[in-house]
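Just so it is clear, none of the values below were taken in a lab; they were calculated from the coordinates. Keep in mind it's a predicted model, so treat the numbers as computed, not measured. Note that each Cβ is placed from the backbone with ideal geometry, even for glycine, and that neighbours are counted across all protein chains shown.
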């Protein structure tokens with residue numbers, strides 16, 4: 001049961017993060033697995049406490065299925081987040097992200113127009129970018145800041161465009177506006193900014209990669225613990241079956257006598 005609470009807590013933590021609040025497809029598998037594990041663990045507890053064999057069988061079957069599902073989720077998360085990383089920018093402490101660096105599965109998710117419109121609407125209504133104006137009032141503070149991937153991708157234009165800093169969300173006079181399509185998509189409209197840019201999609205994936213790597217550590221620890229618990233459960237079930245057979249044999253032998 002403790003493991004199920006850990007998994008559910010991880011899903012809730014992921015859902016509560018500002019960086020991932022606009023992306024919901026990754027949190028639900030974790031929370032769902034946690035809830036199912038909680039129910040299965042409860043069935044196993046009742047079965048062992050009241051000695052109900054069929055509950056123990058159900059417990060072991062579902063535990064095996066959950067281990068397989070959790071293993072698949074860990075492998076899937078590792079594979080899809082294996083690619084993609086930040087690129088250092090000269091004169092700035094934050095990295096910029098390129099959409100093509102990430103796995104095809106993640107790119108497909110953010111390149112879906114309907115899906116991205118929902119994410120974009122969520123991002124524009126959040127305080128993701130507006131809070132940068134309060135934290136970094138001057139260019140000196142801003143260029144020395146360690147921005148999150150989502151902030152560097154969605155709140156400012158790409159450095160290759162050569163925009164001049166006015167404040168973190170207001171830039172003027174691009175030197176090379178044809179350097180990247182995102183240069184033309186940038187807008188000083190606070191509801192637009194770079195939410196239509198590929199750099200914003202890449203920044204979102206960069207954030208997801210970092211958060212999922214943290215979650216994956218928890219899932220791996222949970223998986224190892226589940227396998228250990230499952231092996232103990234199998235051993236206990238075999239012992240119980242052996243004891244039951246011995247008891248029946250003893251009763252039968254006594255009846256013959």
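Structure above, values below:
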{"item": "Fewest-first sequence of 217, 33 by Cβ atoms within 10 Å of each Cβ", "result": "217, 33"}
{"item": "Using a Förster distance of 35 Å, the FRET efficiency for residue 179-residue 36 (Cβ separation, nearest 0.05)", "result": "0.10"}
{"item": "Segment residue 135-residue 225, length gained on full extension (0.36 nm per residue, minus Cα span)", "result": "28.2 nm"}
{"item": "The range 88-206: C-alpha pair distances exceeding 25 Å, %", "result": "16"}
{"item": "Average Cα contact separation per residue, the range 88-206, under 8 Å, 6 or more apart, as relative contact order %", "result": "32"}
{"item": "Potential lengthening between residue 5 and residue 108 on full extension [0.36 nm per residue; Cα-Cα distance subtracted]", "result": "33.9 nm"}
{"item": "Extension reserve of the residue 101-residue 146 stretch, reckoned as 0.36 nm per residue once the Cα distance is removed", "result": "14.1 nm"}
{"item": "Under 12 Å from the residue 58 label point (7 Å along Cα→beta-carbon), backbone N, the range 28-47", "result": "39-47"}
